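Novice: Would you mind keeping the following structure in view while I ask a few things?
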Amino acid sequence: MINRRNFFSRLFGGNKPKEMGFLGIQVAFNYYGKETLRSEIHHIINAPVDDEETPAEKKRIYRKIVMKLLEAEPYYEYGFWDFIPDAARAESEFRHWVNDIEANLALEEDEVADEVDGISRLSANKYYVVVSLCFLLEASAMLDRFVETVIDDIPEEEYMTRETFARLIAAINQFDFEYCYGDAVYIMPGNEKDGISYEDLLGEGWEYLKMIS
């Protein structure tokens, strides 16, 4: 499992803001156009997480992640994203994403342990990785700007375009992590040498993903 997260201490204690929004982005891309992308993203996400990580340090890490994900834009193929402005639903959705992703990562670890040779995958052509980003954003001028200049400006017919996913990912660079109540980022598979096949993405557990045009 490879992930970065720094949210449980805040979610389960402390003063919780009354107004929050949830942003979740999941993108599956093939890396055969540039095979080093997989290991580069793994390296960034796998960096040790300090419990005392400052908002400025967190912002630097996400800038690196964003840079690599934007580099992968031509290779985006499947994805899903959601924005929820209601505080109660936002926190619930954040937990739902995190729990589901971590359950899938745990299952993946078991499969890799049992089938080191990769037979458990449906295909030997494993050129895909899936990156998931989740944020709980406190009500603030930052969140207002994000909604006004990004979310409200995306036409419904463009929800699943590469440009929209790149725009959502690029907007993370504008986040002030002083107002980020929770964040998590995951990459699957959780090792630098494995991948997910096209057949896997069309199979059980990935039905919610939509084709990116």
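Novice: Return MET211, MET20, MET160, MET188 ranked ascending by Cβ neighbour count within 10 Å, so the fewest neighbours appear first. Working shown, then result.
Specialist: Numbers: MET211 9, MET20 26, MET160 17, MET188 22.
By the 10 Å Cβ count, ascending: MET211, MET160, MET188, MET20.
Novice: At a Förster distance of 22 Å, what's the computed FRET efficiency of GLU148 paired with ASP176, Cβ-Cβ distance as r, to 0.05? Display every interim value, and only then the final one.
Specialist: Values: r = 16 Å, r/R0 = 0.70.
Once the sixth-power term is evaluated, E becomes 0.90.
Novice: When a footprinting reagent is the concern and you count Cβ atoms within 10 Å, what order do ARG162, ARG63 take, fewest first?
Specialist: Values: ARG162 17, ARG63 12.
By the 10 Å Cβ count, ascending, the order reads ARG63, ARG162.
Novice: Oh, and also: State to the nearest 20 debye the size of the charge dipole of the stretch 137-213 about its Cα centre, where the only charges are +1 on K and R beta carbons and -1 on D and E beta carbons. The partial results should precede the final answer.
Specialist: On the way: 5 positive and 18 negative charges, 45 e Å.
The calculated dipole for the stretch 137-213 is roughly 220 debye.
Novice: Could you give the nm distance between label points at ARG89 and GLU163, where each point is 7 Å from its Cα heading toward the beta carbon?
Specialist: 2.8
Novice: What length, rounded to one decimal in nm, is gained on full extension from GLU156 through to ALA139, with 0.36 nm per residue of separation minus their alpha-carbon distance?
Specialist: Working it through step by step, the gained length comes to 3.7 nm.
Novice: Can you give the FRET efficiency to the nearest 0.05 for ASP194 and LYS34, using r as the Cβ-Cβ distance and R₀ = 25 Å? Could you put the intermediate results ahead of the total?
Specialist: Details: r = 17 Å, r/R0 = 0.69.
For R0 = 25 Å, the calculated efficiency reads 0.90.
Novice: By the scheme Lys and Arg +1, Asp and Glu -1, what is the net charge of all other residues having a beta-carbon under 14 Å from that of SER140?
Specialist: Details: positive: LYS18, ARG145; negative: GLU19, GLU138, ASP144, GLU148, ASP176, GLU178.
Taking every other residue near SER140 into account, the sum is -4.
Quick note: the coordinates plus some simple rules give every number you see, no bench work behind them. A quick note: this is a predicted structure, and the numbers were derived from the prediction, not measured. Neighbour counts are summed over all protein chains in view; Cβ atoms, including those assigned to glycine, are modelled from backbone coordinates with ideal geometry.
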